[in-house]
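Working notes, beginning with the structure itself.
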Amino acid sequence: MNNKLSPRLKVIADCVAGVKTMADIGTDHGYLPVSLVEKNLVLTAIASDTNEKPLEKAKKIIKEHGFEKRIETRLGSGLSVLQPGEVEVFVMAGMGGLLICDLLEAERDVAKKTPRMILQPMNNQAALRRYLEGNHYKIISEELAREDERIYEVMVVEHGIMVFNNLLEYDLGYHFMQNKHPLLKDLINRKISLEENIVKNTRGKETPFAKKQFGDSSRYIQKLNEVKKCL
């Protein structure tokens with residue numbers, strides 16, 4: 001490709017590489033499957049999107065690279081575009097964590113019969129990890145990617161059992177705590193910054209909700225700072 005993958009998509013591509021078939025759910029411009037096929041890291045791919053406009057852009061890029069026979073485009077929502085067992089891995093990236101939960105739940109047969117999934121939630125990462133833990137999914141590895149000031153969390157998920165031993169692992173990752181990822185401190189600093197904004201906006205306010213938010217965020221910042229000291 002003329003345009004290199006962004007750091008976020010590069011990390012996701014590395015997690016996908018090595019399978020014959022993959023699906024990119026919510027493909028946008030189709031950069032990820034095109035790059036994977038171009039480098040022969042996958043044999044064939046499915047690029048899907050719920051909106052027609054970005055899918056048309058993906059079709060154009062796929063055609064420009066001559067990959068019409070190796071990358072199929074499909075219009076539809078989430079995993080509804082796939083048949084159970086059709087691909088070895090699917091990617092859900094660049095969408096909210098709660099939406100990812102909903103899409104996995106809506107097509108359980110497809111999700112349960114796909115050996116591996118790569119998930120990159122933009123928010124509500126803790127809620128997604130709780131959903132995976134409660135529905136017999138296992139995070140086998142996690143990666144972080146930095147783009148400008150933002151740290152993106154990428155989860156490689158298979159079927160199995162996992163149990164979180166520390167409440168902070170829901171926020172910081174099932175493996176980040178064990179492996180001390182090089183970007184973990186940056187992720188913690190980002191989360192502290194977000195919580196400090198909540199503390200600032202609720203300090204001195206007398207409503208029960210504001211008081212609870214102030215207390216919860218203050219305690220959470222303290223815990224995050226304690227983790228930083230161990231890195």
Discussion item. Show me the helices (runs of 4 or more DSSP H) found entirely inside the range 1-97 where at least 2 residues are within 17 Å of residue 121 (Cβ to Cβ) and open to solvent by 10 Å² or more (accessible area, probe 1.4 Å).
Written reply: 7-16
Item to complete: Tell me which residues, restricted to the range 108-138, are surrounded by 18 or more Cβ atoms within 10 Å (Cβ to Cβ), without any contact (Cβ under 8 Å) to a residue 40 or more places away in the chain and of a type in the set (D, E, K, R).
Response: 133
Worksheet item: In the range 56-107, which residues are of a type outside the set (A, V, I, L, M), under 23 Å from residue 31 (Cβ atoms) and either in contact (Cβ under 8 Å) with a residue 60 or more places away in the chain or in contact with an Asp or Glu (Cβ under 7 Å, 6 or more places away or on another chain) (or both)?
Response: 65, 78, 80, 86, 88, 90, 94
Worksheet, complete the sentence: Taking the range 18-48 and keeping only residues that are closer than 21 Å to residue 76 by Cβ and of a type in the set (Asp, Glu), one is left with 24, 28
Discussion item. Would you confirm, using the coordinates I've provided, whether residue 144 is touching a residue at least 12 places away in the same chain (Cβ under 8 Å) and either assigned to a loop (DSSP other than H, G, I, E, B) or out of contact with any Leu (no Cβ under 7 Å at 6 or more places or on another chain) (or both)?
Written reply: no
Worksheet entry | Set 96, 66: member being closer than 19 Å to residue 170 by Cβ and out of contact with any helix residue (DSSP H, G or I) (no Cβ under 6 Å at 6 or more places or on another chain) | 96
Practice prompt. With respect to residue 34, determine if the residue is touching a strand residue (DSSP E or B) at 6+ places or on another chain (Cβ under 9 Å) and either under 15 Å from residue 93 (Cβ atoms) or basic (Lys, Arg) (or both).
Written response: yes
Practice prompt. State whether one or more residues within the range 176-185 are more than 22 Å from residue 128 (Cα to Cα) and either in a loop (DSSP other than H, G, I, E, B) or in contact with a Gly (Cβ under 6 Å, 6 or more places away or on another chain) (or both).
Written response: yes
Worksheet entry | Sole exception among (1) within 20 Å of the chain's Cα centre (by Cα); (2) in a loop (DSSP other than H, G, I, E, B) for residue 166, by number | (1)
Item to complete: State which residue is farthest from the chain's Cα centre (by Cα) when the search covers only the range 187-231 and only residues that are among the aliphatic types (A, V, I, L, M) and open to solvent by 70 Å² or more (accessible area, probe 1.4 Å).
Response: 231
Practice prompt. Scan the range 12-28 for residues that are over 24 Å from residue 151 (Cβ atoms) and touching a residue at least 40 places away in the same chain (Cβ under 8 Å) and jot them down.
Written response: 19, 20, 21, 22, 23
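The values are calculated or read from the model by the stated rules, or taken from the named source; none is laboratory data. Just so it is clear, the model here is predicted, and its values are computed rather than measured. Reconstructed Cβ throughout: ideal geometry from the backbone, glycine too, with neighbour counts over all protein chains shown. Please note that ligands, DNA and RNA were not included when accessible areas were found on the heavy atoms of the full protein model with its side chains. Shrake-Rupley method; radii C 1.70, N 1.55, O 1.52, S 1.80 Å.
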